Each structure stands twice: as C-alpha cells, then as structure tokens.
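Structure, as structure tokens:
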Amino acid sequence: MAACAPPHAPGRRVLCGTEYATVRYVGGVPPTAGIWLGVEWDDPQRGKHDGTYEGTQYFKCRHPRGGSFIRPNKANFGVDFLTAVKDRYGLNDEQDVQHGTENTLVFGKKTVEFIGMDSIAEQQRQLNQLVDISVRECAVSHAGQKEEISRTCANIRHINLSKNLISSWETVTAIASQVQNLETLNISENKMEFPSTSTSVSSVFSKLKVLALNQTEITWTEVLLCAPGWPALEELYLTSNNITVLERPDDNVLQALKLLDLSDNQLLDGDQLHLIAHLPRLEHLILRNTGISSIHFPDAGFGCKTKMFPSLKRLAINDNKISQWSSINELDKLPSLRSLQCHNNPFMDAEKNPETLRQLIIAKISQLEVLNKSEILPAERKGAELDYRKIFGNDWLAAGGNWNPEKNKPSEEFLAAHPRYPSLCLKYGAPEEGELKGRQPLTLKNQLLTLTIKCPEKPEQKPVEKKLPESMTIQRVKGLLYRLLKIPGSELKLSYESSKLEGKEVELDNDLKPLQFYSIENGDCVLVRW
C-alpha cells in the first residue's frame, strides 16, 4: 500500500536523508500516479524547479530552483518530544536499560551505579531526574500526548530543541506548557510560523529567562507579539533572521531583558537602534555584522550623557560599516558603557598602527574598562589621554583654544571632532606650549624601531622582538608590555641597554617621554622589571 502523508502536511517540516525541507503541496502530479509531496528545500541547490511541473504551478518557492517532488515514504515527519528524549538518553522502552557487570546504568554517556534496580521504575526515575535536556537534531516535530511530558520529566529547567522539525510556535508552546519551571529554551534553526496577531497572554513561559531564536525566520514584529508572554526573559538571541526594521516595544514588554543579540541581521540603518534604546535593564547589546554605518544619540550634546540605553554596559559592533570616528565619539554619551568590541570597521583603516588605534578609542570613551576583550589598566588610560591631549593640542590652539580660560573658545567643529578634549584639559591641565612643539602627525609614519624585550627576573622567558614607533611614549610601551607579558603596567620598571653604551643601563623613567627622547636605536634591548 502506498505511503500516505500525515494530516495537515502542508507547512510541516521534513527530513529527507540529511536535508531539511518544508512541505508546500500534497496531492497528485499528472500524468504520474499516486500522492506526491511538493517540498521547498532549505538548501536550494538540492532542488530542481520552482514548484512548476509541465506548465502547472503546484506550489511556490523563494528560489527558482528550490523545489522538488518526493514520495511521502521518503520524508521523515519526525517524532514527539518524549520519544526523542528517551532515544537521546538511552531510555527508550523498546531498548531495555543497559546493565553493566556491576549493577550499573548507562545513562546517555554517563554510567551510574545502582543496586538491585528495577528497569522500568529506574527509567522513570531517571527521566524525572533530568534537569538539562538536549535533543538537538533529533527530528522532534510535535509535543506528543497531552500531559505526557509533565508526568514523565517533571524537573526539566533547560531544553535545547535546536535544528529539529518544529514548524510552528504553537508546537513550542505545547511542549513548554508541560514544563512547569522552564528557564532556558533554545529553538534555533527551526524554520517555523509565528503568531501574526496578538495572542492571549498565558503563564507557559512565566519563568523563562533565556530564549534562543537564531535562524528561525522570526521578524521583530513577531517577537513583539510573543514578548508579552515572556515577562521574566533576561536573554534573547535573534541572530540570522533577516530582521531589517525594528519597532519600539510597548512599555510592558521585555522589561527584564538584559542581553539582546541581533547579529547577522542587516538593519536598515543605525537609527533603528533608537527604537530599542529605552529597554530599562538592557546591559549587553550584540550587533555584529548588522550593516550599521553610524551611531548617534541626538538627545545629548558634546560632553553630555544620553538618556538612551541607560543600563548598557557591554556593546559589540564588530564587522560593520562604521567609517567615521564621530560614531566612536557618540559612544562616550552612553552613561553605563564599560566594554566595547569594534573590530573590522572601516574607521579603523585610517590608522595603521593598532596600538595608536587602541589609544585613540580609549581616550575618546571615558568610562571604558575593556576594549576588544582586553582590560584597560589605569596606567594605560592615563597614557592614552595624555597622548591624545598632546596630539591634538595644535589643532585645539588653531580652533580657538587658549591657555587663558577667559579666551579659551574652541570652535564647534573642533568640539564635534574631539568632544572629550575640554574634559581632558580639566583633568590634566591644558597642554603647555613646549609640549606641542614638533609633535608628529597622528599617522605616525615615523621610523619603527626593532627592539628586543627581555625580563632579567625571569630568565626562563625567551626574549621577544617587537617593532615600535620611536614616538611611542614610555607609558604606552608599558601598556603594550602588560598585555604581552601579563604584568600590571603600573608596576613595571623599564631600562635599556645599547651596544654603544658598553654595558651601561639607562632608565626609562619618564612615562610621558617618547622612546626617541632616550636615543634608543634599532637593535637595542629593553629590560623589564617589576
């Protein structure tokens, strides 16, 4: 007898071998006999057409060659949640519990010892003990019999349901409704349908704290329709969902949210961020590869703090299109920002020296404590700010800056480019005229010195060769050595030896002086002590 498709098959997710697809059509395809499934493959290269066969369009595909017809018996429509759990953890009724030679139970990959156990009762006890369950890639497609999960696995708190055959949010709700204390749920890599209109708020997800919806094709509008049912949610992962436009959440949703990951969604522009800027508890925002080219907070002027993102401590904007330093200036307006990741943005191309680049960012964002996963020590911050104050001192003077406070009126253009400059002058004093003479341009196209770094107190540590700009200050050299040698920069004592000095050591004792001040040359050896 020919295999039949299950009821309500269109829209269902199926597995054919190792390939995932969505059923778009069930029925005959003349002149052939029997029932066919018209499927749209996740990988369009697996397909043959767009749902059209011999001039008749049976279904539609997003890709012109993303569809195929397959027989129902070739499609795996999946299993219920509990069957997948039992299979994954070696506790299925069909396969008796495996006994070792010394009364042991093989529980998944873990072997547990028992004395005089009864296998069925033991299975039930083991399922009841499960707290953290992963059934990733187990072809889960539905919840199963009503209340069966709650009777069998009463203590589940964390579920990984990623990359299964779940086709609707309704299925997720049916599973979660049987898990009373669900705290973490990962349903990523399931292409599913979400509610398109507001639904009645239930208590199914009332204790949920972490939710991953990566690669589910959810839209931001659908997120907001579901969000009233997530009152305790603290972490929401939404990567790779083709989200382009955001909307401002109502004041009663996502109020507990601390982390939001929108990576790999091509947002329309940076202004979209203003629409999520008033989430009161948001501490960590991840925006990797979102296509944003600028960031600005128009509610705050130079040197002021924005009311947007009041709790934001950690921001990741790696792999974007930010080309202007003005966006980095804007980040100083965030009142709580402590950590920033910003690798792979065009603004970084203007400065070829990575050390100088780091110092510029540190100087521009006053409260930053971690930059690109590397801690900023007080000594490094002080060196960066003093350098910044000197480097742009002549620009400050040319723009109307003055040592006399009554005459100090730098232009709007200067303040727009260097909004922190006035506060640095208040912190360290205005740069003296002698400091500004002969300052080299920021591009630092001056000579690079090849120096050997040695630690006399750790003879087992091999000497390291580094190329450093001759204009690098001793303060910044210490910051570099801290990260290189994992030694607190403020405790370092530096000196150098040269073949021209016949064994004498010269102390590098002024943090504000550049290497060239001490007449260091190529091939000299810097000695590090602490």
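The values are calculated or read from the model by the stated rules, or taken from the named source; none is laboratory data. Every value quoted in this text rests on a predicted model; they were computed, and no experiment measured them. Methodologically, a virtual Cβ is constructed for each residue, glycine included, from the backbone with ideal geometry; neighbour enumeration extends over all protein chains shown. Ligands, DNA and RNA are excluded from the accessible area calculation, which covers all protein heavy atoms including side chains. Shrake-Rupley method; radii C 1.70, N 1.55, O 1.52, S 1.80 Å.
Being open to solvent by 10 Å² or more (accessible area, probe 1.4 Å), more than 14 Å from E40 (Cα to Cα) and either of a type in the set (G, A, S) or part of a helix (DSSP H, G or I) (or both) is the filter here, so list the residues in the range 73-91 that pass it.
Selection gives N73, K74, G78, T83, K86, D87, R88, G90.
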Query raised in the report: Say we look at the range 267-297 and pick out the residues that are open to solvent by 70 Å² or more (accessible area, probe 1.4 Å) and within 13 Å of E247 (Cα to Cα); which of these is modelled with the highest pLDDT?
Result: H278
Query raised in the report: Restricted to the range 349-366, and to residues that are in contact with a strand residue (DSSP E or B) (Cβ under 7 Å, 6 or more places away or on another chain) and open to solvent by 10 Å² or more (accessible area, probe 1.4 Å), which residue is farthest from A277 (Cα to Cα)?
Result: N353
Query raised in the report: Residues in the range 35-72 that are open to solvent by 20 Å² or more (accessible area, probe 1.4 Å), under 25 Å from E217 (Cα atoms) and in a loop (DSSP other than H, G, I, E, B): how many?
Result: 11
Query - Matching option when the condition is at pLDDT 95 or above, aliphatic (A, V, I, L, M), under 18 Å from the mean Cα position of the chain (by Cα) and open to solvent by less than 10 Å² (accessible area, probe 1.4 Å), among L236, L208 - result: L236
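For the subset of the range 126-161 comprising residues that are under 21 Å from V39 (Cβ atoms) and in contact with a strand residue (DSSP E or B) (Cβ under 6 Å, 6 or more places away or on another chain), which member is most open to solvent (accessible area, probe 1.4 Å)?
Step one: list which residues in the range 126-161 are under 21 Å from V39 (Cβ atoms), which gives 137-142.
Now restrict to residues that are in contact with a strand residue (DSSP E or B) (Cβ under 6 Å, 6 or more places away or on another chain): 139, 142.
Values: A139: 15, H142: 77 Å².
Per the stated criteria, the residue is H142.
On the basis of being modelled with pLDDT of 85 or more, under 23 Å from Y388 (Cα atoms) and touching a helix residue (DSSP H, G or I) at 6+ places or on another chain (Cβ under 7 Å), does L492 make the cut? Steps first, please.
Details: modelled with pLDDT of 85 or more: no; under 23 Å from Y388 (Cα atoms): yes; touching a helix residue (DSSP H, G or I) at 6+ places or on another chain (Cβ under 7 Å): yes.
The answer is no for L492.
Evaluate the range 240-257: report whether one residue or more is of a type in the set (G, A, S), under 13 Å from A316 (Cα atoms) and at pLDDT 95 or above. Spell out how you get there, then give the answer.
Filtering the range 240-257 down to residues of a type in the set (G, A, S) leaves 240, 256.
Within this subset, residues satisfying the condition of being under 13 Å from A316 (Cα atoms) are none.
Within the range 240-257, none of the residues are of a type in the set (G, A, S), under 13 Å from A316 (Cα atoms) and at pLDDT 95 or above.
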Query - N214 being buried (at least 18 other Cβ atoms within 10 Å of the Cβ), under 30 Å from Q129 (Cβ atoms) and either in contact (Cβ under 8 Å) with a residue 24 or more places away in the chain or touching a Leu at 6+ places or on another chain (Cβ under 9 Å) (or both) - result: yes
Report task. Being within 14 Å of R381 (Cα to Cα) and among the polar types (S, T, N, Q) is the filter; apply it to the range 453-511 and report the residue that is surrounded by the fewest Cβ atoms within 10 Å (Cβ to Cβ). Result -> S490
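Filtering the range 298-348 down to residues that are polar (S, T, N, Q) and either closer than 15 Å to A363 by Cα or part of a strand (DSSP E or B) (or both), which residue is most open to solvent (accessible area, probe 1.4 Å)? Before you say what the answer is, go through the steps one by one.
The initial filter retains those residues of the range 298-348 that are polar (S, T, N, Q), namely 306, 311, 318, 320, 323-324, 326-327, 329, 336, 339, 341, 344-345.
Subset that is either closer than 15 Å to A363 by Cα or part of a strand (DSSP E or B) (or both): 326-327, 329, 339, 341.
Details: S326: 62, S327: 4, N329: 14, S339: 23, Q341: 30 Å².
For the range 298-348, the residue satisfying everything is S326.
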Query raised in the report: Which pairs have Cβ atoms under 8 Å, sit 6 or more apart or on different chains, and link a residue in the range 509-522 that is in the same structural domain as L494 (by the TED database) to one that is small (G, A, S) and in a loop (DSSP other than H, G, I, E, B)?
Result: P514/S471; L515/S471; Q516/S471; I520/S498; E521/S498
Query raised in the report: In the set E193, E222, which member is touching a strand residue (DSSP E or B) at 6+ places or on another chain (Cβ under 7 Å) and either open to solvent by 30 Å² or more (accessible area, probe 1.4 Å) or of a type outside the set (A, V, I, L, M, F, W, C) (or both)?
Result: E193
